[in-house]
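Since the structure comes first, as structure tokens, the remarks are kept for the end.
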Amino acid sequence: DDVNDMGVADWVIVALKSTSLDAAPDLVRPLLARHTRVLAIMNGMIDEDLVDMLENDGDADADAAMGESHHQHHHPAGVAAAPRKLTCCAAVYAGMALVCSNKLAPGRVDHSYAGKLTGALSASASEEWTMSGNQDAERQAFFDLWKDSKSIEHVYDEDLTRARWSKMCWNLPFNGISVAMGGITIDKVVGDPGLKRLAYTVIDETIAAANADLESKGADPSTYLGDTEKDAMMDLSCTMGPYKPSTMLDFTNRRPMEVKYLFRKPLDRANQLNCEVPHLETLVAQIEAFRHMYKLH
């Protein structure tokens, strides 16, 4: 169906690959009204760019051109970011899906293991959010959306930075090693002692970068990531069997890979924070080399 003929919606769920993020404005904006909420269930650090695209009719760099860039919301250590006020719709959320699902065909998805969807607010039009950072209404709206869904767990995190890095504690080591090894399943990663140690090391580096990012934004140290997240990601991986991560499937099928938002942006953020992540840097170099070698842009 043509989105221009669908009319406005209460909720719009965006489930694109980040390689197609530029298509989001044309697909989403015709469905928006002041009351509409958008949930982007996508991998990687896409949230600021998506909000900029929706706010600026598809141009993530429009603010920068006017000297008022929201595109990089990085700020001095200990200084929290000002809440982002939306004008295009009621709210935009990030969705972090920790589920083993592969698309088999149009309308057919194989959900083989696990089930958790975390929501976090990217930006809102509400005065409560912009004036005080209160997101009670946004949290309730997220849970109301899923009140009739019992198949997976739904969680809300009030810190988008924490929520994104938490998911990357799985994506960076396991998607990364799977691709860097030429396209292997997760059971092969956790079943090899050397690769399992490497996964642990990349999780440690991811947590270090996450906590440096949280610190730079004035987060309470009690909310930092740690052994709980590390153990949860490894325990999950050790029991999911021969799962094929999305980036590995894209690589082995020679499709565009989600490199920019899923790997490059987290690495660049770690480097900007002077956080040493040598093993992650090596994985990203290998993945980017595969992308250039096979032209998977």
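The values are calculated or read from the model by the stated rules, or taken from the named source; none is laboratory data. Model, not experiment: these values are computed from the prediction. No Cβ is skipped: glycine too gets one built from the backbone with ideal geometry, and neighbour counts run over all protein chains shown. Accessible surface areas use protein heavy atoms only, side chains included; no ligands, DNA or RNA. Shrake-Rupley method; radii C 1.70, N 1.55, O 1.52, S 1.80 Å.
Overview of results
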{"read-out": "As computed over the stretch 199-297, the Cα convex hull volume per residue (Å³)", "value": "101 Å³"}
{"read-out": "The stretch 172-255: radius of gyration and largest Cα-Cα distance (Dmax), Å", "value": "14.3, 43"}
{"read-out": "For the chain, accessible area per residue (1.4 Å probe, heavy atoms of protein chains only), Å²", "value": "47 Å²"}
{"read-out": "Dipole of the stretch 169-297 [Lys/Arg +1, Asp/Glu -1 at C-beta], most positive-end residue of VAL202, HIS297, MET234", "value": "HIS297"}
{"read-out": "Accessible area in the full protein assembly, largest first, 1.4 Å probe, for THR223, THR228", "value": "THR228, THR223"}
{"read-out": "Along principal axes, Cα extents of the stretch 203-246, largest first, whole Å", "value": "39, 20, 13"}
{"read-out": "Average projected area [Cα convex hull, the stretch 76-215], square nanometres", "value": "11.0 nm²"}
{"read-out": "Estimated dipole of the stretch 183-297 in Debye, rounded to 20 [Cβ of Lys and Arg +1, of Asp and Glu -1, Cα centre]", "value": "740 debye"}
{"read-out": "Fraction of accessible area attributable to carbon and sulfur, the chain (%, probe 1.4 Å)", "value": "50 percent"}
{"read-out": "For the chain, size of Cβ-based charge dipole, Lys and Arg +1, Asp and Glu -1, in debye", "value": "1060 debye"}
{"read-out": "Helix-only [θ]222 nm of the chain, DSSP H runs n ≥ 4, -39500 (n - 2.57) each, per residue, nearest 500", "value": "-12000 deg cm²/dmol"}
{"read-out": "Electrostatic dipole magnitude of the stretch 86-200 [Cβ: Lys, Arg +1; Asp, Glu -1; Cα centre; debye, to 20]", "value": "640 debye"}
{"read-out": "Base-10 log of normalised Debye intensity for the chain (one unit scatterer per alpha-carbon) at q = 0.08 Å⁻¹", "value": "-0.34"}
{"read-out": "Karplus-derived HN-Hα couplings along the stretch 284-297 (A = 6.51, B = -1.76, C = 1.60, θ = phi - 60°), whole Hz, x at Gly and Pro", "value": "5, 4, 5, 5, 5, 5, 4, 4, 5, 4, 9, 6, 9, 9"}
{"read-out": "Under 15 Å from the Cα of LYS150 - aspartates and glutamates, other chains or at least 8 residues apart", "value": "none"}
{"read-out": "Those GluC sites (Glu not before Pro) in the stretch 250-293 that DSSP places in a loop and that have at most 15 other beta carbons within 10 Å", "value": "GLU276"}
{"read-out": "Under 20 Å from the Cα of LYS295 - lysines, other chains or at least 8 residues apart", "value": "LYS17, LYS260, LYS265"}
